Amino acid sequence: METSRRPDHEPATPSPGGGSPQARAEPVLAGRTALVTGAAGGIGRACALALAAAGAHVHVVDRAGEAAKRLAEEIGGTPWVVDLSDPAVVDTLPAGADVVVNNAGLQHVAPVHEFPPDRFALIQRVMVETPFRILRRTLPGMYERGWGRVVNISSVHGLRASPYKSAYVTAKHALEGLSKVVALEAAEHGVTSNCVSPGYVRTPLVENQIADQARAHGISEADVVGRVMLERSAVKRLIEPADVAEAVLWLCGPHTGHITGTSLSMDGGWTAN
Ligand SMILES: NC(=O)c1ccc[n+]([C@@H]2O[C@H](COP(=O)([O-])OP(=O)(O)OC[C@H]3O[C@@H](n4cnc5c(N)ncnc54)[C@H](O)[C@@H]3O)[C@@H](O)[C@H]2O)c1
C-alpha cells in the first residue's frame, strides 16, 4: 500500500518556473485581497500560501493565534485571531475580500443516537452559518467591483455519506447547497462560487487519525489508509494539501469565469462508485 508523500511514479506537480510555489506562481491575483478561514494549518495554510504566491494580500483567519500570526508574517498578510464558532465575530472581519475561501472545519465521529447535540450545533455553526455570514458580508463588495471568487472547501462528504459523521456530512451537504445558491445570485456580478471536494488529505488531523486507528485495530498505518480510509477511493493515496490549494488557485484564476455552482471532486474516484 502506497502511503509515501510522493510515489516514485508520480512526479510533483510541474512548476513552470521551478523552485518554491512563491517563486513559480504567476501573479494572477496581484492587487486582489483574499480571506481564508482556518488558514493557520492544513489545507487552509496551503491555500493561503498559494494565493499569496499568486499576488493576493491574504487575511489569515484562525483561532490558532500564534500559527496565524507566523503565517501572516511569512506571506505579508494580515492575521485575524478569532473563534468562528461565534458567528458574530464575522462582523469584525474585513468585508473587502475579492476571494473568499471558506475552509475552517472540524470533525466529530459518533453514531446519531449518541451524537452530542452541542457538538452537532457547533459543527453547523463553524461549517455552515459562518460561511453564510462571511459571504453575506463580502459579496456586496465583490458585486460593486464586478469580480469575485468564492471557494468553499467541502469534501467527498458533501457528496456522499459515511456512517458516524452525521454533523460533518450534514454540514458539507449544506455548504454545497449554499455554494450553488451563491453561484446563481452572483453570476451577473462577475462572481463565481464553487466547492472543492477532496477525499482524505494529508493534514495533521488525518495523520493523527491514521496512527490512532492503526493502534486501535492492530493493523499497519498503510492498511489504515488503503483499506479503511480509502476503501471507496480508486486512488489509494492521501491527497497533499498543496494539491487542493492548486485547485483553489485555479478556480480563482483567469480561465474559470464559466465554472460556477459546481463541485470539483478530488476524491481519487470515490464518487465514481
Ligand atoms: N483533511 C481532510 O482529509 C479533509 C478532506 C476533505 C475536506 N476537508 C476539509 O478541509 C477543511 C480544512 O481541513 P484540514 O484537514 O486542513 O483541518 P485542520 O484541522 O488541519 O485545520 C483546520 C484549521 O481550522 C481552524 N479552525 C477550526 N475551528 C475553528 C474555529 N472555530 N475558529 C477558527 N478557526 C478554526 C483550526 O485552528 C485549523 O487551523 C475543513 O473544512 C475540512 O472539513 C478536509
Using 1/(1 + (r/R0)^6) with R0 = 25 angstrom and r between the beta carbons of Ile259 and Tyr164, what's the FRET efficiency to the nearest 0.05?
0.15
Enter the accessible area per residue of the chain (Å², integer; probe 1.4 Å; all protein chains in place).
46
Ignoring ligands and nucleic acids, what accessible area does Phe115 show with a 1.4 Å probe (Å², nearest 10)?
20
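What is the dipole size for the chain, taken about its Cα centre, with +1 at each Lys and Arg Cβ and -1 at each Asp and Glu Cβ, in debye to the nearest 20?
The calculation lands at about 160 debye.
What FRET efficiency, computed as 1/(1 + (r/R0)^6) with R0 = 25 Å and r the Cβ-Cβ distance, is obtained for Asp91 and Val28, rounded to the nearest 0.05?
Efficiency at R0 = 25 Å is approximately 0.25.
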Tell me the label-point distance for the pair Gln124, Asn273, using the 7 Å Cα-to-Cβ offset, in nm and rounded to one decimal.
2.8
Accessible surface of Tyr168 - all protein chains present, 1.4 Å probe, nearest 10 Å²:
40
Extension gain (nm, one decimal) between Glu188 and Ala234, 0.36 nm per residue minus Cα-Cα:
12.7 nm
Using a 1.4 Å probe on the protein heavy atoms, what percent of the accessible area of the range 231-273 belongs to carbon and sulfur?
58
How much length is gained on full extension from Val109 to Asp83, taking 0.36 nm per residue of separation minus their Cα-Cα distance?
7.2 nm
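Add +1 for every Lys or Arg and -1 for every Asp or Glu among the other residues with Cβ under 15 Å from the Cβ of Ala161, and state the total. Mind showing how you got there, number by number?
Numbers: positive: Arg160, Lys165, Lys172, Arg232; negative: Glu176, Glu231, Asp267.
With Lys, Arg at +1 and Asp, Glu at -1, the net is +1.
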With +1 assigned to the C-beta of every Lys and Arg and -1 to the C-beta of every Asp and Glu, and no other charges, what is the dipole magnitude of the range 76-157 about the Cα centre in debye, to the nearest 20?
240
For every helix of n ≥ 4 consecutive DSSP H residues, a contribution of -39,500 (n - 2.57) applies; sum these over the chain, divide by its total residues, and give [θ] at 222 nm rounded to the nearest 500 deg cm²/dmol.
-11000 deg cm²/dmol
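Of all accessible surface on the range 111-150 at a 1.4 Å probe, what whole percent is carbon and sulfur?
In the range 111-150, the share of accessible area belonging to carbon and sulfur is 56 percent.
The values are calculated or read from the model by the stated rules, or taken from the named source; none is laboratory data. From a predicted model like this one, the values you see are computed outputs, not experimental measurements. Note: ideal-geometry Cβ built from the backbone for every residue, glycine included; neighbour counts use all protein chains shown. Heads up: the accessible areas ignore ligands, DNA and RNA and are worked out on the full protein's heavy atoms, side chains in. Shrake-Rupley method; radii C 1.70, N 1.55, O 1.52, S 1.80 Å.
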